[in-house]
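Written out below as structure tokens is the structure these notes cover.
The values are calculated or read from the model by the stated rules, or taken from the named source; none is laboratory data. In this text, all values refer to a predicted model and were calculated from it rather than measured experimentally. Please note: Cβ atoms are built from the backbone with ideal geometry, for glycine as well, and neighbour counts cover all protein chains shown.
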Amino acid sequence: MRFIFAFLAMGLLTIASCEDDGGDSVISLNEGAVPNILKVTGSNTFIDLIALESGEETTINFTVDKGQGNIASMDVVLFYKTGTTVYRTVLESNLTTFPKAYSLTQFDIIEAFTELNSAADFQVGDVLSVSADITLTNGSKLNILNNDATPNFGQDIANSAVYKVFQNYIVSCPSDLGGTYDFVSINIGEPGGFVVPGPETGTVTFTDNGGGVYAISDGSFGGWEALYGPPGASGVTLIDICNTLSFGGSDDYGDTYTISNVTTSGSNLSFSWSNTYGEYGSTTLTRTDGTDWPDLTN
């Protein structure tokens, strides 16, 4: 059962985290320096593809501040990911006055990246990431994201509720999938071969994080409770990019999720889900607010 193994693994990770490997390949809170990068409340949480295609100006607003540690200065860094290609540029070097607010239009983003030439280069699903490279008062340097925009920090930083070390802006369309829905899940299985035919019923909540990203109250849609007992899977997100769905984030044990066979019919949204641990199931969500789901796919 995954919960026993996960408990043992957590103990091993705790022991490992107390050791010093002599390097700085992965930043942890023990090194004590992180930025705090926040989207401005009420501002755009994504790069609006509809506005880009119609020639309208679209703006993102964020602030860069010290999160924790003896920080002397920061370089504010932008990453632009399109497909599997990642571009990197420094928006501002040697920032020493905090906090600082930034407002970027699509024209500012194009100017920042030599690889972008016009609004036509923004493609649905592209991601702009905002982060920082830190110089400490002792002269040490820490990069929050690697050159390919992958995290260079541990789970303690990733799970912090106090600060955010980077922000993502997805090139997407307006999305409105937040709410609480009834679910029915069937044919729930785990890698050992045990299957719960169901139906398992309950409710699940999609909390709007902005930019078409929604925190899911239970990413297993009752599956974990059916297989092992409560609680459900936290940490999984639903991503809506112009009515195309995918899962993001990872569950309590670091497993990622895949969505497939997405269909909509009036107030019902049906799909299959699976994760990298080998659990799976099929779920139907029903709206009770009197509206229908948009035409969603995967």
When segment 49-74 is examined, which residues are found to be surrounded by fewer than 15 Cβ atoms within 10 Å (Cβ to Cβ), within 15 Å of residue 171 (Cβ to Cβ) and of a type outside the set (Asp, Glu)? 50, 54
List every residue pair whose Cβ atoms sit under 9 Å apart, with the two residues 6 or more apart in sequence or on different chains, where the first one lies in segment 46-65 and is free of Cβ contacts under 8 Å to residues at least 12 places away in the same chain and the second, anywhere, is part of a strand (DSSP E or B). 56/48
Within segment 83-126, residues part of a loop (DSSP other than H, G, I, E, B), hydrophobic (A, V, I, L, M, F, W, C) and under 25 Å from residue 244 (Cα atoms) come out as 116, 122, 124
I need every pair where a residue in segment 248-261 that is not assigned by TED's automatic domain parsing to the domain that holds residue 236 has its Cβ under 7 Å from the Cβ of a residue that is assigned to a strand (DSSP E or B), sequence separation at least 6 or different chains. none
Tell me, yes or no, whether segment 226-246 has at least one residue that is farther than 23 Å from residue 155 by Cα and in contact with a Pro (Cβ under 7 Å, 6 or more places away or on another chain). yes
Report those strands (runs of 3 or more DSSP E) wholly inside segment 200-298 carrying at least 2 residues which are within 27 Å of residue 51 (Cβ to Cβ). 200-210, 213-216, 236-241, 244-249, 257-265
Does residue 283 fit the bill of being buried (at least 18 other Cβ atoms within 10 Å of the Cβ) and in contact (Cβ under 8 Å) with a residue 40 or more places away in the chain? yes
Could you list, ordered by first residue, the pairs with Cβ atoms under 7 Å in which the first is in segment 145-168 and in the same structural domain as residue 102 (by TED's automatic domain parsing) and the second is among the basic types (Lys, Arg) and surrounded by 13 or more Cβ atoms within 10 Å (Cβ to Cβ), at least 6 apart or interchain? 147/88; 149/81; 167/39
Mind checking whether some residue in segment 219-227 is under 21 Å from the mean Cα position of the chain (by Cα), surrounded by fewer than 17 Cβ atoms within 10 Å (Cβ to Cβ), assigned by TED's automatic domain parsing to the domain that holds residue 184 and within 18 Å of residue 183 (Cα to Cα)? no
Scan segment 213-235 and tell me whether some residue there is aromatic (Phe, Trp, Tyr), closer than 27 Å to residue 128 by Cβ and in contact with a strand residue (DSSP E or B) (Cβ under 7 Å, 6 or more places away or on another chain). yes
